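Down below is the structure, laid out as structure tokens.
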Amino acid sequence: MTDTGVRRHTNAAVVGRSATGCMSRSRARLRPVGEGRAGPTGDEHRERTVKYMLLMKYDVEGVPPIDTWSPEDLRRQIQFQKDLDASLVESGELVGAEGLAWPDTAKLVRSDGVQPPVITDGPFAESKEFLAGFWVVDVESEARAIEIAATASASPGPAGVPMQQVIEVRALMEAPDVSG
């Protein structure tokens, strides 16, 4: 995150990880990259990791909207996010992380590919839950992705109290091989 509270993108090449997908299809079942496939040198011994997207939802019962927090609470939250991102960069697990603008700035786009697209304003204003940001991590196991999500969930809210924010953990997939 920058000092203004906006997450900055971390390029996969900077942290030494591949930018390819993490799951591949084999006869309609998903498998981690590398399973049943030869590595770049033709052997089966390449590193096997899986990419996960950790989706940060913002609807935490009992926690006021972040734009109403005190400057000290906001600084504490931003520092927590910076420290988490730095630890993931150091471990080589961070592929990217971004905070998202408020949902009232979102556009919903629908197109049939022929007519001009239909563009409407973002989600309904009365919706309390929205996607606030995400991390993409490249880790050895789902358990490690869950461990990172648990750390993010306990980020400090007002008065430093852990927010217990819901973090959704989802594996990323690689497109199926349709070449032959």
(request) Considering only residues that are among the acidic types (Asp, Glu) and surrounded by 12 or more Cβ atoms within 10 Å (Cβ to Cβ), look in the range 84-99 and name the one that is farthest from Phe134 (Cα to Cα). (result) Glu93
(request) Within the range 120-139, work out how many residues are at pLDDT 95 or above and over 17 Å from Gln77 (Cβ atoms). (result) 4
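Here is a yes/no grid of residues against (1) touching a strand residue (DSSP E or B) at 6+ places or on another chain (Cβ under 9 Å); (2) within 16 Å of Ile148 (Cβ to Cβ); (3) modelled with pLDDT of 95 or more:
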residue	(1), (2), (3)
Ser18	yes, no, no
Gly21	yes, no, no
Ser26	no, no, no
Arg29	no, no, no
Val50	yes, yes, no
Lys57	yes, yes, no
Leu94	yes, yes, yes
(request) Give the residue, chosen from Trp102, Trp135, Trp69, that is farther than 29 Å from Lys51 by Cβ, aromatic (Phe, Trp, Tyr) and surrounded by 12 or more Cβ atoms within 10 Å (Cβ to Cβ). (result) Trp69
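Being charged (D, E, K, R), under 18 Å from Met56 (Cβ atoms) and either under 13 Å from the mean Cα position of the chain (by Cα) or surrounded by 11 or more Cβ atoms within 10 Å (Cβ to Cβ) (or both), is that true of even one residue in the range 107-127?
For the range 107-127, residues charged (D, E, K, R), under 18 Å from Met56 (Cβ atoms) and either under 13 Å from the mean Cα position of the chain (by Cα) or surrounded by 11 or more Cβ atoms within 10 Å (Cβ to Cβ) (or both): absent.
The values are calculated or read from the model by the stated rules, or taken from the named source; none is laboratory data. What you see is a predicted model, and the numbers here were worked out from it, not measured in a lab. Reconstructed Cβ throughout: ideal geometry from the backbone, glycine too, with neighbour counts over all protein chains shown.
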